[in-house]
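S.K.: Okay, here's the structure, questions in a sec.
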Amino acid sequence: MAGSLSLLRRLYLSIYNWTVFFGWCQVLYFAVKTLTESGHEHVYNAVEKPLLLAQTAAVLEILHGLIGLVRSPISATLPQIGSRLYVTWGILWSFPEIQKHVLVSSLVISWSITEIIRYSFFGTKEAFGSAPSWLLWLRYSTFLLLYPSGITSEVGLIYNALPYIKGSEKYCLRMPNEWNFSFDYFYAAIIALGIYVPGSPHMYTYMLGQRKKALAKSKRE
């Protein structure tokens, strides 16, 4: 019984990782193709559908951690996925005025390269029991450049969206209302920017620690 459950787990995670892997491959392909042929102003429209699908699929990783399907700690998974979903849906999708910004290109390219490597790494591990050393090195090394470029793009896009957020009052709830509660999406975006200040160094330090452990373990094996 335990063996059958383990096999089902590996099969499910293999399918999940490789499916999302192909989604991010589409994002990267359309982003680079459009960037070179039409310019950065058209990148978002070209990648919107695969980007929304691939990024939203990451919600399942929170569930995977909660039910013990994977060993990744929720404390690391939740803020990373949460911030990306916020930028994907709460900024890019919600405010078309920001979709032509040059930072969209750096964002989706940084995200897609990172995720193509990450999902292929985990997909290979689940399918074959281990991943080649070069893929492990890529998994735990490319973030050194791609994480800062991705975070910078996220912060820049939120900041540049602030005037449109304030002007539109989208997602705002004003008093009086039946819930006796008010919410201002503009100030929520300000708070989100503030969270990046301590959050980004913390995540980067965490990932450096993971890199050290993974590469040291690889050398011992």
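No lab work stands behind these numbers, since they all come straight from the coordinates. As the structure is a prediction and not an experimental result, all values here were calculated from the model. A quick note on method: Cβ atoms are made from the backbone with ideal geometry, for glycine too, and the neighbour counts reach across all protein chains shown.
S.K.: Simple spin-label model, 7 Å along Cα-to-Cβ: LEU215 to VAL197 in nm?
M.R.: Label-label distance for LEU215 and VAL197, simple model: 3.2 nm.
S.K.: Using a 10 Å cut-off around each Cβ, can you sort LEU7, LEU85 from fewest to most neighbouring Cβ atoms?
M.R.: Listed from fewest to most nearby Cβ atoms, that is LEU7, LEU85.
S.K.: Taking a 23 Å limit on the Cα-Cα distance, which of the listed pairs LYS49/LYS125; LYS100/LYS170; LYS125/LYS213; LYS49/LYS166; LYS33/LYS166 fall beyond it?
M.R.: From the list (LYS49/LYS125; LYS100/LYS170; LYS125/LYS213; LYS49/LYS166; LYS33/LYS166), the Cα-Cα distance tops 23 Å for LYS49/LYS125; LYS49/LYS166; LYS33/LYS166.
S.K.: Tally Lys/Arg at +1 and Asp/Glu at -1 over every other residue whose Cβ is under 13 Å from the Cβ of GLU97; what's the total?
M.R.: +2
S.K.: Taking +1 at the Cβ of each Lys and Arg and -1 at the Cβ of each Asp and Glu, which of TRP24, ASN180, SER14 sits farthest along the dipole of the chain towards its positive end, judged by Cα position relative to the Cα centre?
M.R.: Of TRP24, ASN180, SER14, it is SER14.
S.K.: Report the charge-dipole magnitude of the chain in Debye, nearest 20, computed about the Cα centre from +1 at each Lys and Arg Cβ and -1 at each Asp and Glu Cβ. The partial results should precede the final answer.
M.R.: On the way: 19 positive and 12 negative charges, 206 e Å.
Rounded to the nearest 20 debye, it is 980 debye.
S.K.: Taking a spot 7 Å from the Cα of ASN160 along the direction of its beta carbon, which residues of the stretch 45-79 have an amide N less than 11 Å from it?
M.R.: Label zone hits: none.
S.K.: Restricting attention to the stretch 122-221, which trypsin sites (Lys or Arg not before Pro) occupy a DSSP loop and are surrounded by at most 16 other Cβ atoms within 10 Å? Walk me through the intermediate numbers first.
M.R.: Numbers: sites: LYS125, ARG139, LYS166, LYS170, ARG174, ARG211, LYS212, LYS213, LYS217, LYS219, ARG220; in loops: LYS170, ARG174.
Counting only loop positions with at most 16 other Cβ atoms within 10 Å, the trypsin sites (Lys or Arg not before Pro) in the stretch 122-221 are LYS170, ARG174.
S.K.: Can you pull out the GluC sites (Glu not before Pro) in the stretch 83-172 whose DSSP state is coil and whose Cβ has at most 13 other Cβ atoms within 10 Å?
M.R.: Qualifying residues, ordered by number: GLU169.
S.K.: Taking the Cα atoms only, what angle lies between the long axis of helix 43-57 and the longest principal axis of the chain, rounded to 10 degrees?
M.R.: It is inclined by approximately 60 degrees.
S.K.: Something else: I need the chymotrypsin sites (Phe, Trp or Tyr not before Pro) found in the stretch 144-221, filtered to DSSP loop residues with at most 12 other beta carbons within 10 Å of theirs.
M.R.: Sites meeting the loop and neighbour criteria: TRP179, PHE181.
S.K.: Here is a further query. Mean separation of Cα pairs under 8 Å and 6+ residues apart, divided by the residue count of the chain: what relative contact order is that in percent?
M.R.: For the chain, the relative contact order is 22 percent.
S.K.: Between GLU37 and LEU69, what is the label-point separation in nm under the 7 Å Cα-to-beta-carbon projection?
M.R.: Modelled inter-label distance: 3.5 nm.
S.K.: Can you figure out the FRET efficiency of LEU208 with LEU85, using R₀ = 30 Å and their beta-carbon distance, to the nearest 0.05? Each step should come with its number before you reach the end.
M.R.: On the way: r = 24 Å, r/R0 = 0.81.
For R0 = 30 Å, the calculated efficiency reads 0.80.
S.K.: Further question: Which order do LEU51, LEU193, LEU136 fall in if you start with the one that has the fewest other Cβ atoms within 10 Å? Write down the numbers at each step before the final one.
M.R.: Values: LEU51 26, LEU193 13, LEU136 18.
Going from sparsest to densest Cβ surroundings: LEU193, LEU136, LEU51.
S.K.: Would you please classify the overall shape of the chain from the alpha carbon gyration tensor, given that a ≥ b ≥ c denote the square roots of the eigenvalues, rounded means a/c under 1.5, and beyond that prolate means a/b larger than b/c while oblate covers the rest?
M.R.: On the way: a/c = 1.86, a/b = 1.53, b/c = 1.21.
Prolate.
S.K.: Another question about this same structure. Obtain the nm distance between the two label points defined at LYS49 and LEU11 by a simple spin-label model: each point lies 7 Å from its Cα along the Cα-to-C-beta direction.
M.R.: In this crude spin-label approximation the distance works out to 3.0 nm.
S.K.: For the Cα atoms of the chain, what angle does the longest principal axis make with the long axis of helix 74-85, in degrees from 0 to 90, nearest 10?
M.R.: 50 degrees
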